Amino acid sequence: MHQQKKTSNLKILLLALLVMALWGTLFPMIKVGYSAFHISTTDIPSIIVFAGLRFTFCGLVLIALASFKVKRLALPKKSNMLYIALGALSTIILHYSFTYIGLALGEGSKGAIVKQVGVLFLSCFAFLFDKDDKFSVNKVIAGVLGFGGIIATAVDGTGISFALGDILLLLASACSSIGTVVTKRATQTLSPIKYTGYSQLFGGVFLLALGLALGGRMIYIDLPAILVFLYICTTSIGSYMIWNSLLRTGSISRLSVIKFTEPLFAVIFSGMILGEDIFKISYLVAFVLLLLALLIEHRPWRNKNES
């Protein structure tokens, strides 16, 4: 029994790390997508159209998979519509509007680290939203160290520098945190695949309509652009299905701690794919502080009572 629980915990950890790695690749690949579709980083309406197409496509695929599983159209119950709407608003519409525009204005590597502010909040204060989480001093210490890591990313040769893109990514992080709490509650009564599909579809259609209304367009399309788009969509579908399934039964604070590894993957892939300069002292300091936060937050997991 004990061995089975250990294996289960290891499986959760490995799946969560896989999701973080996949999300880490999306930071640079979204910027690659802008280039592939010839979308200027100043063309905000077209960036919103790009995001809208991504989530509309992902939502349709997920709903098709859910329907195939039950051999009929998988429709949500009326009682679930509020959660789906809140999930679409927080996780898709607001979160990705801020994320896409913020990434267009800044570096993918730095942006990935800035977005961890919401993760810090959830790792420290998840007990406010989830009865399974308990308050602890370790969580506060981890939060302080983690916040120090976020500030370190903004330090350059002239002092602390926070641009508009960084502010937008902070807002995206706040929306993501709200979406995590909504997802945790929604998936208690709704299957993760159905919840993810409908929230992404509704959010994607809204973004697509908004972008088109503002004059956004995606005129240039060729095979490389389609392949980039398919990679982003496939990665998004797989990672969100896994993550929302983990949130259904897992602890928000514990999963939030694992989410600290997302910027590590994002920085590595941004250096590999975009050729960004990732060898900065400020990034090294940030990673050390985030790692300390991660280790401190992990200490309760080794508590005898929990094991």
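Numbers below:
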| read-out | value |
| --- | --- |
| Residues within the range 274-303 that are surrounded by 14 or more Cβ atoms within 10 Å (Cβ to Cβ), modelled with pLDDT under 70 and in a helix (DSSP H, G or I), tallied | 4 |
| Positions within the range 34-60 being more than 19 Å from the chain's Cα centre (by Cα), more than 12 Å from Met218 (Cβ to Cβ) and part of a helix (DSSP H, G or I), in sequence order | Ser35, Ile44, Leu60 |
| Helices (runs of 4 or more DSSP H) wholly inside the range 106-225 that include at least 1 residues being surrounded by fewer than 24 Cβ atoms within 10 Å (Cβ to Cβ), modelled with pLDDT of 80 or more and out of contact with any Cys (no Cβ under 7 Å at 6 or more places or on another chain) | 164-186, 192-213 |
| Scan of the range 12-33 for residues that are more than 20 Å from Asp166 (Cβ to Cβ) and more than 15 Å from the chain's Cα centre (by Cα), ordered by number | Ile12, Leu13, Leu14, Val32, Gly33 |
| Odd one out for Tyr34, checked against (1) more than 15 Å from Gly238 (Cβ to Cβ); (2) out of contact with any Phe, Trp or Tyr (no Cβ under 9 Å at 6 or more places or on another chain); (3) surrounded by 15 or more Cβ atoms within 10 Å (Cβ to Cβ) | (2) |
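The values are calculated or read from the model by the stated rules, or taken from the named source; none is laboratory data. Keep in mind that what you see is a predicted model, and the values were worked out from it rather than measured. All Cβ positions, even for glycine, are placed from backbone atoms using ideal geometry, and neighbour counts span all protein chains on display.
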